[in-house]
Amino acid sequence: MDGSLKTVVIDPGSSCVKVGFSSDNTPVSIFNNVTGKSKHPLISSGMGGKDVYVGDEVLSQQRILDIKRPVQRGVIVDEELLVQTFVHSYEKSLKVDPISHPLLLALPSLIGKTVKEDLTQLLFEELSVPSLSMCLGPALSVFATGRTSGVVVDIGGGCTEIIPMVDGVPLSQSYCKVQMGGMDLTERLARDIIASTERLDFPSLSSSPSLFDIYSKMKEDSCYVSMNFEAELRATAHSKDHSAIHRSHVFKLPDGKEITMDKERFLCSEGLFHPSILGKESAGIPELVAGVVSEVGVDVRSRMWSSVILSGGTTLLPRFNERMDTELSELSNGKKVSIVANENRLILNWMGGSLVASLPTFRDLFVSKEEYEEIGPSICLKKGFF
């Protein structure tokens with residue numbers, strides 16, 4: 001592997017794709033991880049249309065497209081469509097030839113053998129990358145904080161992963177992965193808004209994929225985590241003048257109309273602590289973290305509690321850090337809890353990939369094109385996956 005070449009780093013999540021170069025502090029581009037194929041391919045091709053649309057291209061053409069997310073709930077469901085998002089990354093975002101740069105992929109945990117092999121084959125044969133490494137995204141978050149040990153709480157768009165690491169090694173036997181993430185909060189918020197508004201024409205989430213972005217923006221701008229959920233809920237129920245309550249917030253829709261939010265601001269986020277609110281049968285995230293820590297060796301549990309590393313855009317919700325600290329402190333059996341909340345946790349996995357890809361010692365872990373041609377796709381099971 002040529003150390004003079006910058007490595008391309010791609011983190012394809014359920015919600016969005018982050019893409020950039022090793023050694024850089026931030027991605028070159030972040031775009032919606034959604035693809036679309038024409039419902040009428042013959043007509044589309046005759047009009048100069050594309051076979052596959054990616055990211056914002058999908059939103060502008062959504063009426064004529066069959067839309068699919070290649071990563072759903074932290075699971076790669078369509079390797080070929082995912083590779084098309086990589087093609088888009090190289091051509092539109094980075095404007096470089098894949099053949100000229102090594103590639104590091106940040107992937108969710110529990111990727112199956114067949115998916116790894118299929119991805120390896122597609123990347124070497126269709127994109128002609130010169131070398132490849134695939135890494136656990138949540139594990140990369142640990143390195144991004146300058147640590148080698150800790151327990152990562154990575155709340156992505158479609159799933160939450162909790163992974164303990166000791167001295168740079170993920171403890172796979174203690175992984176925890178649940179199908180609950182930021183998209184579930186967005187869907188719950190949409191239902192609450194529709195239920196509370198008197199506008200019967202208020203758009204539903206399922207009527208148009210682009211509406212998901214509107215509700216996501218509403219969540220990011222207006223929602224927060226309550227420190228006393230029951231008390232706040234009672235206050236809203238007994239209040240006659242909602243506009244006088246500090247909780248109420250006016251959100252302006254793209255069409256200029258406004259909607260006032262009250263309990264909707266904190267109801268969806270409570271689902272992270274009481275998942276039944278989101279229709280999930282799971283323990284809350286603090287309990288899941290405590291369960292993971294209890295499964296590691298007694299000699300390293302204090303190190304886990306002292307480095308609870310938050311990752312993912314959902315953890316940016318106001319007061320999430322404080323609520324986690326409060327609840328984990330009650331579950332840690334007297335151990336000191338320290339929440340690591342990097343301000344860049346939306347891109348923390350990607351940042352970790354950028355860091356490790358720039359280290360000379362990491363280059364030996366890449367699978368080269370020559371090794372792939374000699375051994376085949378199964379090489380990814382022996383080398384190149386961290």
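Out of all the residues in the stretch 291-313, which are hydrophobic (A, V, I, L, M, F, W, C) and either under 21 Å from the mean Cα position of the chain (by Cα) or crowded, with 21+ Cβ neighbours inside 10 Å (or both)? If the condition is that a residue be hydrophobic (A, V, I, L, M, F, W, C) and either under 21 Å from the mean Cα position of the chain (by Cα) or crowded, with 21+ Cβ neighbours inside 10 Å (or both), then Val292, Val293, Met304, Trp305, Val308, Ile309, Leu310 are the ones that fit. The requirement of being within 21 Å of Leu82 (Cα to Cα), of a type in the set (A, V, I, L, M, F, W, C) and in contact (Cβ under 8 Å) with a residue 12 or more places away in the chain is not satisfied by Met165.
The condition (being touching a helix residue (DSSP H, G or I) at 6+ places or on another chain (Cβ under 6 Å) and either modelled with pLDDT of 85 or more or not assigned by TED's automatic domain parsing to the domain that holds Ser14 (or both)) is satisfied by just one residue among His242, His249: His249. Provide a single number: the residues in the stretch 339-363 that are in a helix (DSSP H, G or I) and either among the basic types (Lys, Arg) or without any contact (Cβ under 8 Å) to a residue 12 or more places away in the chain (or both). Residues in the stretch 339-363 being in a helix (DSSP H, G or I) and either among the basic types (Lys, Arg) or without any contact (Cβ under 8 Å) to a residue 12 or more places away in the chain (or both): 3 in total.
Just one of (1) under 30 Å from Leu140 (Cβ atoms); (2) more than 22 Å from the chain's Cα centre (by Cα) fails for Leu278. It is (2). As a summary of the residue check, Val142 satisfies the conditions (1) in a strand (DSSP E or B); (2) closer than 18 Å to Val296 by Cβ; (3) of a type in the set (A, V, I, L, M) except for the one numbered (1). Screening Leu316 on (1) surrounded by fewer than 18 Cβ atoms within 10 Å (Cβ to Cβ); (2) assigned by TED's automatic domain parsing to the domain that holds Ser128 shows it passes everything except condition (2).
Got a number for residues in the stretch 88-123 being closer than 20 Å to Val367 by Cβ and not in a loop (DSSP other than H, G, I, E, B)? Of the residues in that region, 21 qualify.
The values are calculated or read from the model by the stated rules, or taken from the named source; none is laboratory data. Bear in mind the structure is a predicted one, so any value in this text is a computation, not a measurement. Here the Cβ is made from the backbone with ideal geometry for all residues, glycine too, and neighbour counts use every protein chain on show.
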